[in-house]
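Novice: Got a structure here, written out as structure tokens. Questions coming.
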Amino acid sequence: MEKQKKKLSLTTSIFISLVLGVIVGVLMQNVSDIAVNYIKPFGTIYLNLIKMVVVPVVLLSIMQGIVSLQDIKKVGAIGVRTIVYYFLTTALAITIGLIFANVLNVGAGYVLPAGELTYEASAAPNFMDTLVNIFPSNFFEPLSSATMLQVIVIAVFFGFGVILAGEKGQPASRAIDSLAEVSFKVMGMIIKLSPIGVFALICPVIAQNGPAVLLPLLKVILVAYVAYILHMVVVYSSAVKGFAGLSPIKFFKIMSGPILFAFSSASSVGVLPFNMEATEKLGARKEISSFVLPLGATINMDGTAIYQGVCAIFIAQIFGIDLNITQQLTIILTATLASIGTAGVPGSGMIMLAMVLQSVGLPVEGIALVAGIDRILDMGRTVVNITGDASCAVCVDAMDRRREAKRLAKQAKNAEAAK
Ligand code: ASP
């Protein structure tokens, strides 16, 4: 109870500092350079600390998850279910984003501002290159450059290695357990700084752009949020109800802490410890959630996929470009891949948007238009991202329990028959 009280007060204080950041930002509009020069750096420090701890947290908790499942067949079954769930929900998310953006005509009424749009686009990698790049050729390089998909590949191979090493792998297994715990504690310390970090991140954005930056783009924000909410309410509610028999109300009630934290921090990875706690309360076993959640915080970004779909249609519409069905299907495919490659830290979804736009020949400069409101879109998409991860942990856990029960029943029946 004591712990609950403490955690609530942290999420509440994060929310308060978010509101304060907006108010102070509005007040500092005339002295925005002070906000940018002296407040923003604290936001950068906070982000740096999160980025610092991302690699050990993801590496160690995925290894810990795999090792604690012990039996390779079990890891395989859980891994396959998790990946299938992540893929399907992401593809659904982007489809919902595209439908809403098309039906609500997200770009209608927007007048392109005069002057130049500039955005430095990076070259879009092709599919085979993306595939090859998932597999690292060096152990240390992905860790130092925080190339998260490669870090996951390392975690998976070495996690299996520990299981296969049997008795001799035991010291490694204990070391992983201990180091994972240590990284979570480090993460915990950084999270305590969130109220400062959140304030320092939002205040200069508002001071520099003013709340008026939102007005012409209000429709993009509205469409994205309608799609975010619909995806959460329809897809996740039916999933937890259908697979785990869990009441969606209970699900969202327990998830309110992580959701609020995701909204204010815009970082899936930062939410991990909150999400672990919440999914345990929802009944998912630790060995499942410590595998499913860090993986999800890295590769499962349904909110980001929705955002990419909405922005792609917005940019197409304001530039007067008609996207045919093949192009929209291409967007579904590339946004699914792009959301996998999106890191769970603030702002990374916008960088990956370039890849989606380029895949169908849309002007990447369009990103400059939505850049001013990215933070607001990011807060919502991060909420969807982490809620998707939690729903997956709950569903995969329920499926695994059923599988286990079936196996035991079969065993009992065989034993009965053998008598
Ligand atoms: N901020 C998001 C997250 O951490 C990623 C994104 O920018 O889309 O989940």
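Novice: By the scheme Lys and Arg +1, Asp and Glu -1, what is the net charge of all other residues having a beta-carbon under 14 Å from that of Lys413?
Specialist: Details: positive: Lys406, Arg407, Lys410, Lys419; negative: Glu416.
Charge balance near Lys413 sits at +3.
Novice: Given labels modelled 7 Å from the Cα in the Cβ direction, how far is it in nm from Lys253 to Phe157?
Specialist: So the two model labels end up 4.7 nm from each other.
Novice: Another question about this same structure. Go through Lys73/Lys281; Lys73/Lys410; Lys74/Lys168; Lys219/Lys253; Lys192/Lys250; Lys253/Lys406 and tell me which ones have a Cα-Cα distance over 19 Å in this structure.
Specialist: Numbers: Lys73/Lys281 27 Å; Lys73/Lys410 17 Å; Lys74/Lys168 21 Å; Lys219/Lys253 29 Å; Lys192/Lys250 27 Å; Lys253/Lys406 31 Å.
Among Lys73/Lys281; Lys73/Lys410; Lys74/Lys168; Lys219/Lys253; Lys192/Lys250; Lys253/Lys406, the Cα-Cα distance tops 19 Å for Lys73/Lys281; Lys74/Lys168; Lys219/Lys253; Lys192/Lys250; Lys253/Lys406.
Novice: Suppose R0 equals 41 Å; then what is the FRET efficiency for Gln70 and Ile45 from their Cβ-Cβ distance, rounded to the nearest 0.05? Mind dumping the intermediate values first?
Specialist: Values: r = 40 Å, r/R0 = 0.98.
According to the calculation, E is roughly 0.55.
Novice: Between Tyr38 and Thr12, what is the label-to-label distance in nm when each label sits 7 Å out along the Cα-to-Cβ direction?
Specialist: 3.1
Novice: Accessible area of Ile351, 1.4 Å probe, to the nearest 10 Å²?
Specialist: 100
Novice: Rank-order 269-276, 152-159, 193-200 by packing density, defined as the average count of other C-beta atoms within 10 Å over each peptide's residues, highest first. Please report the intermediate quantities before stating the final value.
Specialist: Details: 269-276: 25.8, 152-159: 19.0, 193-200: 22.1.
Going from most to least packed, we get 269-276, 193-200, 152-159.
Novice: Same structure again: How many nm is it between the label spots at Val234 and Ala175, if each spot is 7 Å from the Cα in line with the beta carbon?
Specialist: 5.0
Novice: With all protein chains present, calculate the accessible area of Met52 using a 1.4 Å probe and round the result to the nearest 10 Å².
Specialist: Approximately 110 Å² for this residue.
Novice: Follow-up. Cα-based Rg (one decimal) and Dmax (whole number) for the chain, in Å?
Specialist: Calculated on Cα positions, Rg and Dmax stand at 22.0, 86 Å.
Novice: Moving on to the next point. Assuming R0 = 25 Å, what is the FRET efficiency of Leu143 and Ile83, from their Cβ-Cβ distance, to the nearest 0.05?
Specialist: Values: r = 23 Å, r/R0 = 0.91.
The value I calculate is 0.65.
Novice: So, one more: Cβ neighbours within 10 Å, averaged per peptide: list 400-408, 65-73, 306-314 in order, most packed at the top.
Specialist: Values: 400-408: 12.3, 65-73: 18.3, 306-314: 30.3.
With the highest mean Cβ count within 10 Å placed first, the list reads 306-314, 65-73, 400-408.
Novice: Of the listed peptides 334-347, 218-231, what is their order by residue-averaged count of other C-beta atoms within 10 Å, with the highest listed first?
Specialist: On the way: 334-347: 24.1, 218-231: 20.4.
Going by the mean number of other Cβ atoms within 10 Å, highest first, we get 334-347, 218-231.
Novice: On a 1.4 Å probe surface of the protein chains, which of Leu362, Leu20 comes out largest in accessible area, and what is the full order? Write out the running numbers ahead of the final one.
Specialist: Numbers: Leu362 10, Leu20 85 Å².
Putting Leu362, Leu20 in descending order of accessible area: Leu20, Leu362.
Novice: Using the alpha-carbon centroid of each, what span in Å lies between the stretch 153-178 and the stretch 342-396?
Specialist: 33
Novice: Quick one: Cα centre-to-centre distance for the stretch 43-70 and the stretch 13-32, in angstrom?
Specialist: Centre-to-centre (Cα) distance: 30 Å.
The values are calculated or read from the model by the stated rules, or taken from the named source; none is laboratory data. No experiment lies behind these values; they were computed from the predicted model shown. Every residue, glycine as well, gets a Cβ built from its backbone with ideal geometry; the counts of neighbours run over all protein chains shown. Please note that ligands, DNA and RNA were not included when accessible areas were found on the heavy atoms of the full protein model with its side chains. Shrake-Rupley method; radii C 1.70, N 1.55, O 1.52, S 1.80 Å.
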